[in-house]
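Below is one structure; the comments refer to it alone.
The values are calculated or read from the model by the stated rules, or taken from the named source; none is laboratory data. What you see is a predicted model, and the numbers here were worked out from it, not measured in a lab. No Cβ is skipped: glycine too gets one built from the backbone with ideal geometry, and neighbour counts run over all protein chains shown.
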Amino acid sequence: MMDRASFAPVDAQQRIGFMDVLRACALLGILLVNIEWFTRPWQEFGNGVASGLAGLDHAAAWGVHVFVAGKFWVLFSLLFGMGFAVMMARAEAAGRPFRAVYLRRTAALLVIGIAHALLLWAGDILHTYALAALLLLALRDLRPRTQLVLGLSVYYGLCVLTLLGAAAVGLVPGAAEAGAAQALAAGRGAAAEAARVYAEGGFAQVTAQRAADFTRFLLNDFFVVPMALGVFLVGSWLLRSGRIGDIAAQRPFFLRLAGFGLPVGLGLSLWAASIGVGVDAAESYARWLLANALMSLGALPLALGYLALLALAWSTAAGTRALGVLAPAGRMALSNYLLQSLVGSLVFYGYGLALWGRIGHAGLVLLAVAVFVLQVAASRWWLMRFRFGPVEWLWRWATYGRRPRLRQDGSPAA
């Protein structure tokens, strides 16, 4: 039985190592996608592969679009649900109240997310997670199987609504095309102006553009928040059902999950890419809706397939050693996520190196991998000296209402 005083920030010895590896892999996938949007205007978001690419740049953009885009925010969301289940179990075992602590944790995450969106990058996901976390808290008493069924129903219900919307638009093309030319011209004009501001503007100008883009995309939360909630519930079920706690014993489950998730998810992603690469919503709204619906349909099974492959590798001694190298980056996932945005803003925006539009997509992929490798090394160095990442430390302070000890005991080699 866990001691009542032990409901507090988790030390390295108490962590689930596989979850840290998953977080690190999710960080890499998220960076591979996000780095493009540090050099592409948000008015084009959802349009797939950028137009005008050729050769290696087109291949790199297409590969990220099919294999990565939409899949790793889902993987990160699964991990959020798992983390919620871990925290709730620890609170119950310690006999401590959970609701107040989790509300403080969520409020702090919301503040961090809004600051991230306004000061670094408009594409923040943390505020969305915070809003979805409030709904997850209300559903915490559901049985694990009920959480799974509800999570899948919410996620795929939203996908089906998008498919129905595409079908409805397809049945009345005249109405959908009526304002297409005007919308396309306005969208291109806004995109060109945003690109100019990001590429040439000072910090104040870029911040104003970030705020405008972030405010415009807040409307997407009506769709993304319940979708994230659905994935949270699936992640909570994975943890509470015992699938993550003893991976070696769950190899048959992960073999089945990989056998289903990988081909189904990849097939749907390829189908989406075949009809929607480079399609503009204003030019063909029905195709745009259909492509995005198919991408969302494929994102969850493919993310679960990736998770299953990593679990199967982790279940072997060699795989544990190899993947364990990534774990420090996962232990500092929040700090590293924000650091990625800081690097991106300083490299691409006008108040930094102003490299907006000057690096091809193949170069962006190489840059993302290089940044991630450096983050893995830096995280290992940091955690040899400190118990938490810097932002994790502040987050835990806000969550538990007392300052956690930051420095490791003993020498850095400890």
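Observations on the structure shown:
- When SER269 is tested against (1) surrounded by fewer than 23 Cβ atoms within 10 Å (Cβ to Cβ); (2) among the polar types (S, T, N, Q); (3) over 28 Å from ILE16 (Cα atoms); (4) at pLDDT 90 or above, just one condition goes unmet, and that condition is (1).
- Any chance SER345 is at negative phi, at pLDDT 95 or above and hydroxyl-bearing (Ser, Thr, Tyr): yes
- In this entry, ARG40 is excluded by the filter for residues that are surrounded by 18 or more Cβ atoms within 10 Å (Cβ to Cβ), at pLDDT 95 or above, charged (D, E, K, R) and within 20 Å of the chain's Cα centre (by Cα).
- Every condition in (1) surrounded by 20 or more Cβ atoms within 10 Å (Cβ to Cβ); (2) more than 30 Å from LEU310 (Cα to Cα) holds for GLY276 except the one numbered (2).
- Screening GLY123 with (1) under 26 Å from GLY70 (Cα atoms); (2) part of a helix (DSSP H, G or I); (3) at pLDDT below 95 gives one miss only, at (2).
- Conditions (1) within 21 Å of the chain's Cα centre (by Cα); (2) over 24 Å from MET88 (Cα atoms): number failed by ARG358: (1)
- The set of residues from the stretch 377-403 being among the basic types (Lys, Arg) and either over 23 Å from the mean Cα position of the chain (by Cα) or at positive phi (or both) comprises ARG385, ARG387, ARG402, ARG403.
- Counting only residues that are under 18 Å from PHE232 (Cβ atoms), β-branched (Val, Ile, Thr) and outside any helix (DSSP H, G or I), the stretch 56-113 holds 0 of them.
- Within the stretch 216-254, the set of residues being among the β-branched types (Val, Ile, Thr) and either assigned to a loop (DSSP other than H, G, I, E, B) or more than 19 Å from the chain's Cα centre (by Cα) (or both) comprises ILE244, ILE247.
- Criterion (touching a Lys or Arg at 6+ places or on another chain (Cβ under 7 Å) and modelled with pLDDT of 95 or more) met by exactly one of GLY95, GLY113, GLY29: GLY29
- Among residues of the stretch 176-205, those that are at pLDDT 90 or above and touching an Asp or Glu at 6+ places or on another chain (Cβ under 9 Å), counted: 1
- Qualifying residue in the stretch 294-307 (condition: out of contact with any Phe, Trp or Tyr (no Cβ under 6 Å at 6 or more places or on another chain) and not in a helix (DSSP H, G or I)): no
- Of all residues in the stretch 354-370, those that are buried (at least 18 other Cβ atoms within 10 Å of the Cβ) and either of a type in the set (Phe, Trp, Tyr) or without any contact (Cβ under 8 Å) to a residue 24 or more places away in the chain (or both) total 1.
- Test: residue in the stretch 216-231 that is surrounded by fewer than 16 Cβ atoms within 10 Å (Cβ to Cβ), modelled with pLDDT of 90 or more and in contact with a helix residue (DSSP H, G or I) (Cβ under 7 Å, 6 or more places away or on another chain): yes
- Candidate set: the stretch 371-392, residues that are assigned to a helix (DSSP H, G or I) and in contact (Cβ under 8 Å) with a residue 60 or more places away in the chain; chosen: the one nearest to TYR102 (Cα to Cα): GLU392
- Residues located in the stretch 331-353, provided they are part of a helix (DSSP H, G or I) and either surrounded by fewer than 18 Cβ atoms within 10 Å (Cβ to Cβ) or without any contact (Cβ under 8 Å) to a residue 60 or more places away in the chain (or both): SER335, LEU339, LEU342, VAL343, LEU346
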